[in-house]
Amino acid sequence: MAMLDEPLYPIAILIDELKNEDIQLRLNSIRRLSTIARALGEERTRKELIPFLSENNDDDDEVLLAMAEELGVFIPYVGGVEYAHVLLPPLETLCSVEETCVRDKAVESLCRIGSQMKESDIVDWFVPLVKRLAAGEWFTARVSSCGLFHIAYPSSPDMLKAELRSIYGQLCQDDMPMVRRSAASNLGKFASTVEQSHLKTDVMSMFEDLTQDDQDSVRLLAVEGCAALGKLLEPQECVSHILPVIINFSQDKSWRVRYMVANQLYELSEAVGPETTRSDLVPAYVRLLRDNEAEVRIAAAGKVTKFCQILGPALAIQHILPCVKELSSDSSQHVRSALASVIMGMAPVLGKDATIEQLLPIFLSLLKDEFPDVRLNIISKLDQVNQVIGIDLLSQSLLPAIVELAEDRHWRVRLAIIEYIPLLASQLGVRFFDDKLGALCMQWLEDKVFSIRDAAANNLKRLAEEFGPEWAMQHIVPQVLDKMNNPHYLYRMTFLHAIALLSPVMGSDITYQRLLPVVINASKDRVPNIKFNVAKVLQSLLPIVDSSVVEKTIRPCLVELSEDPDVDVRYFAHQAIQSCDQLMISG
């Protein structure tokens, strides 16, 4: 610590470490910049540390990225906001490097610093930096400059604002596609700071240039700008300026651009309002739903329900439903999956009659789809349909398909069905459940896949909670206890697990009279895995049964298991005995 008093020590160490060949050392020293700055004090940080960092020509991207990040939070170490401008030179250098993530981080840090600077300092220091980058010989600097205009513009006087708008316009027409891309993706941010009068003239002409760009990567970023600009303009201007562009883009020759339109169309419909959406955007949307590229259909299918909400039942049935029917038998499984994840939400929009007539057949065909994800997406949203058509109809039409899926060859589909069963049970009621689904719940306990058996045991617990201990005593407990004689030890373990889960729901008396004897009996099993699971189950039963039962029945069984030849059985038995002792002490 004594050496830290020497004024040059921290900076000398930093210089040494930043010139070291070991990247990790260089990284560590950059990440310790704030500590070094505190040791140096504000004035020496401004005069020595920052100029040194400006000249540091490290060629490792990881080090430069760390530096760009550190400098973004450096204002307190250079003396506060009035000295923030001293941080700009090193970040300006980083804005021109080749690695994109370093440039992006430098721009982010510049924006953070710029948003805290005083207006006069922005005009004196920040705006000249933006202009230098925008006029940079190397395209990387021009790319970075596009992300800074929205910080520089608001604080500038009118003449400077006009110059900045003109410079941004030139960047939108730059020779390098990367620069035009950056201009397109930042246009929304810049436009949000521009005055309304200039928005309609200057910004819209920039936007039009970008929408007609010959590079599809620029045009697709301009699509994103559509939604942002649409929200800034008055609705009638949005209809006259933005709408034609959207409709044009929805027929663009590049599928990537059409994909972006399909993704953004709902946001765009919010900008132009419901009336225009109904008259002008619906034909564009229908085109996208029938696009020849699967990716575009996927994006469009994912927005089906949101669009129906805007259109209302009549228009949705007329325009959207025919497309939905086509998509439900689309050649791409991913399109069908995207549709299945949202189609249930159409039921509340269309109402009971239309759902029964038009949607139910589509649900059924998707429930029988050969692709598991499609079936899963339908199962997980069944409650939305139940609210509309009622449980009787749901059970008649969809339940046979659900029963079929309960025996699906893909275990994830079976798992999804199991997880849905308690919800289905609460909606169907006890009588219906017993008739149709009770046997299935038991069948799953003997599934070949562990995850299914585990989920099935949890399912029994949730059903017992839903229908009460008396129902469980009649329909679940006897069947589980009978199955404890299964010849395969893995199944016997599942039934033990089910007993442990059911005990807290069933209460002390039933646990003591019916469940505990079966567990005690299992402690004499020939398989060690069963025996140490018995020890675990007995440990979990301790809080449920009376202390006399613990002393007379559970503890002797555990003592016997603690002398078992198998090391794991002895370990879990000792653990359970310790819990017994603690319970007795606290009791």
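Below is a table of values for the structure above.
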quantity: Residue that is farthest from residue 34 (Cα to Cα), among those in the range 51-71 that are of a type in the set (D, E, K, R) and in a helix (DSSP H, G or I); calculated: 61
quantity: Counted residues, the range 220-276 - those being of a type in the set (Gly, Ala, Ser) and closer than 13 Å to residue 207 by Cα; calculated: 5
quantity: Residue check for residue 492: part of a helix (DSSP H, G or I), open to solvent by 20 Å² or more (accessible area, probe 1.4 Å) and of a type in the set (Lys, Arg); calculated: no
quantity: Meets criteria (within 21 Å of residue 254 (Cα to Cα) and either in contact with a Gly (Cβ under 6 Å, 6 or more places away or on another chain) or at pLDDT 85 or above (or both)) for residue 290; calculated: yes
quantity: Counted residues, the range 160-175 - those being within 38 Å of the chain's Cα centre (by Cα) and open to solvent by 30 Å² or more (accessible area, probe 1.4 Å); calculated: 3
quantity: Hits in the range 72-84 - residues which are surrounded by fewer than 20 Cβ atoms within 10 Å (Cβ to Cβ) and part of a helix (DSSP H, G or I); calculated: 72, 75, 76, 81, 82, 83
quantity: Residue within the range 105-123 that is open to solvent by 20 Å² or more (accessible area, probe 1.4 Å), small (Gly, Ala, Ser) and without any contact (Cβ under 8 Å) to a residue 24 or more places away in the chain present; calculated: yes
quantity: Filtered residues of the range 253-294 (kept if of a type in the set (Phe, Trp, Tyr) and open to solvent by less than 20 Å² (accessible area, probe 1.4 Å)); calculated: 285
quantity: Subset of the range 10-44 that is farther than 17 Å from residue 69 by Cα and outside any helix (DSSP H, G or I) - its residue that is modelled with the highest pLDDT; calculated: 41
quantity: Residues satisfying the stated conditions in the range 176-188, i.e. buried (at least 16 other Cβ atoms within 10 Å of the Cβ) and touching a Phe, Trp or Tyr at 6+ places or on another chain (Cβ under 8 Å); calculated: 178, 179, 183, 186, 187
quantity: Residue list for the range 312-332, filter: of a type in the set (A, V, I, L, M, F, W, C) and either surrounded by 15 or more Cβ atoms within 10 Å (Cβ to Cβ) or at pLDDT below 80 (or both); calculated: 315, 316, 317, 320, 321, 323, 324, 327
quantity: Residues (under 48 Å from the mean Cα position of the chain (by Cα) and either within 16 Å of residue 507 (Cβ to Cβ) or not small (Gly, Ala, Ser) (or both)) located in the range 548-565; calculated: 550, 554, 558, 561
quantity: Residue count, the range 254-284 (criterion: basic (Lys, Arg) and under 15 Å from residue 221 (Cα atoms)); calculated: 2
quantity: Qualifying residue in the range 124-138 (condition: under 27 Å from residue 260 (Cα atoms) and over 35 Å from the mean Cα position of the chain (by Cα)); calculated: no
quantity: Helices (runs of 4 or more DSSP H) lying entirely in the range 398-478 (those with 3 or more residues that are of a type outside the set (Gly, Ala, Ser), under 26 Å from residue 356 (Cα atoms) and out of contact with any strand residue (DSSP E or B) (no Cβ under 7 Å at 6 or more places or on another chain)); calculated: 411-428, 430-436
quantity: Failed condition for residue 335, given (1) modelled with pLDDT of 85 or more; (2) open to solvent by 20 Å² or more (accessible area, probe 1.4 Å); (3) over 23 Å from residue 276 (Cβ atoms); calculated: (2)
quantity: Test result for residue 96, among the small types (Gly, Ala, Ser), open to solvent by 20 Å² or more (accessible area, probe 1.4 Å) and either at negative phi or not in a loop (DSSP other than H, G, I, E, B) (or both); calculated: yes
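Conditions (1) among the small types (Gly, Ala, Ser); (2) under 11 Å from residue 445 (Cβ atoms), marked per residue:
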| site | (1), (2) |
| --- | --- |
| 472 | yes, no |
| 478 | no, no |
| 497 | no, yes |
| 501 | no, no |
| 504 | no, no |
| 514 | no, no |
| 519 | no, no |
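The values are calculated or read from the model by the stated rules, or taken from the named source; none is laboratory data. Treat the numbers as computed from the prediction; the structure is a model and nothing was measured. Positions of Cβ are backbone-derived with ideal geometry, glycine not excepted, and every protein chain shown enters the neighbour counts. These accessible areas exclude ligands, DNA and RNA; they are computed on the full protein's heavy atoms, side chains included. Shrake-Rupley method; radii C 1.70, N 1.55, O 1.52, S 1.80 Å.
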